[in-house]
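The values are calculated or read from the model by the stated rules, or taken from the named source; none is laboratory data. Everything numeric in this text was worked out from a predicted model, so none of it was measured. Here the Cβ positions follow ideal geometry from the backbone for every residue, glycine too, while neighbour counts run over all protein chains shown.
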Amino acid sequence: MSEFPGLVSGRRPVGVVSFAQYDNVRREDERNEVEMLMPVVAEVFGNIGITKDDVGFICSGSTDYLIGGPFSFVAALDAVGVWPPRAESHVEMDGAWALYEAWVLLQEGEIDAALIYCFGRSSPGNLSEILSVQLDPYYMAPLWPDPTSLAALQAQTMIDKGLATEADFAAVASRSRRSAKDRAAPPRTVESKPTPPAPTPRTRRPSET
């Protein structure tokens, strides 16, 4: 069962009955969003023995800003297959917000089951540069600070103000890594591929001159 804090109306019990996720990788250059989502959606349905025809609402969460392509969520629908047409929605945010939208419809009694999925693939671009563009355009963006450096400055500010210690930050990182080990698809790094050999120079035939 799930419960949202501060809720003043709507008490219909809601449960997550199936869950699946794609491998968390540093980069994904070989598969597009549809190819990443298809096995995940199939696993979700396979876990409980239903199909897309058994859900009354589909909601996705993603950000075109990171992906670098407009309306990428429309193409991602091919991973689910929305024919015949059915109720569908998208939020330009994370999966938690998509879950909330579905939860509201469940509370209203409009649906009895929903499929919620989220995705993000920033591999087509340089993530450090992409995230820098959203900063203040006059003072910060021209410096092109990367996310790690900004996080370090924030952490140092909290340490200087006595709001946290280095041990606190280390404990958060340690807890997150332990939680990741217990997941079905733990975070992993992408192994570097060997550089292909250079092509052998081809001797030009007399007929090609």
Handout entry: The lone exception for Ser18 - which of (1) free of Cβ contacts under 8 Å to residues at least 60 places away in the same chain; (2) farther than 11 Å from Leu115 by Cβ; (3) assigned to a loop (DSSP other than H, G, I, E, B) it fails
Key = (2)
Completion exercise
So, first residue more than 27 Å from Ser89 (Cβ to Cβ) in the stretch 115-133, second residue among the aromatic types (Phe, Trp, Tyr), Cβ within less than 8 Å, six or more apart or across chains; the pairs are Ser128/Trp144; Glu129/Trp144; Ser132/Trp144
Fill in the blank from the handout: Sole miss for Trp83 among (1) modelled with pLDDT of 85 or more; (2) aromatic (Phe, Trp, Tyr); (3) over 27 Å from Gly15 (Cβ atoms) is condition (1)
Problem - Meets criteria (surrounded by 10 or more Cβ atoms within 10 Å (Cβ to Cβ) and at pLDDT below 50) for Val190 - result: yes
Handout entry: Residues located in the stretch 117-155, provided they are within 28 Å of Glu35 (Cα to Cα) and of a type in the set (Phe, Trp, Tyr)
Key = Tyr117, Phe119
Fill in the blank from the handout: All conditions in (1) surrounded by 13 or more Cβ atoms within 10 Å (Cβ to Cβ); (2) more than 14 Å from Tyr117 (Cβ to Cβ); (3) of a type in the set (S, T, N, Q); (4) over 14 Å from the mean Cα position of the chain (by Cα) are true of Asn32 except (4)
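A quick yes/no check of all residues on (1) touching a Pro at 6+ places or on another chain (Cβ under 8 Å); (2) modelled with pLDDT of 85 or more; (3) surrounded by 15 or more Cβ atoms within 10 Å (Cβ to Cβ):
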position	(1), (2), (3)
Arg26	no, no, no
Asp54	no, yes, no
Ile67	yes, no, yes
Leu77	no, yes, yes
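Taking Val16, is it outside the structural domain of Ala113 (by TED's automatic domain parsing), modelled with pLDDT of 90 or more and surrounded by fewer than 14 Cβ atoms within 10 Å (Cβ to Cβ)?
Details: outside the structural domain of Ala113 (by TED's automatic domain parsing): yes; modelled with pLDDT of 90 or more: yes; surrounded by fewer than 14 Cβ atoms within 10 Å (Cβ to Cβ): yes.
So Val16 passes the test.
Just to be sure before I move on: is Ala98 surrounded by 12 or more Cβ atoms within 10 Å (Cβ to Cβ), touching a residue at least 24 places away in the same chain (Cβ under 8 Å), more than 27 Å from Arg11 (Cα to Cα) and outside the structural domain of Ala170 (by TED's automatic domain parsing) in the structure I sent? Before the answer, list the steps.
On the way: surrounded by 12 or more Cβ atoms within 10 Å (Cβ to Cβ): yes; touching a residue at least 24 places away in the same chain (Cβ under 8 Å): yes; more than 27 Å from Arg11 (Cα to Cα): no; outside the structural domain of Ala170 (by TED's automatic domain parsing): yes.
Here the answer is no, as Ala98 does not meet what is asked.
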Handout entry: Single residue of the stretch 37-52 satisfying the filter (at pLDDT 90 or above and aliphatic (A, V, I, L, M)) that is surrounded by the most Cβ atoms within 10 Å (Cβ to Cβ)
Key = Leu37
Problem - Pair list, Cβ < 8 Å and 6+ apart or interchain, from the stretch 39-60 residues that are over 20 Å from Leu105 (Cα atoms) to residues that are at pLDDT below 90 and of a type in the set (Phe, Trp, Tyr) - result: Pro39/Tyr22; Val40/Tyr22
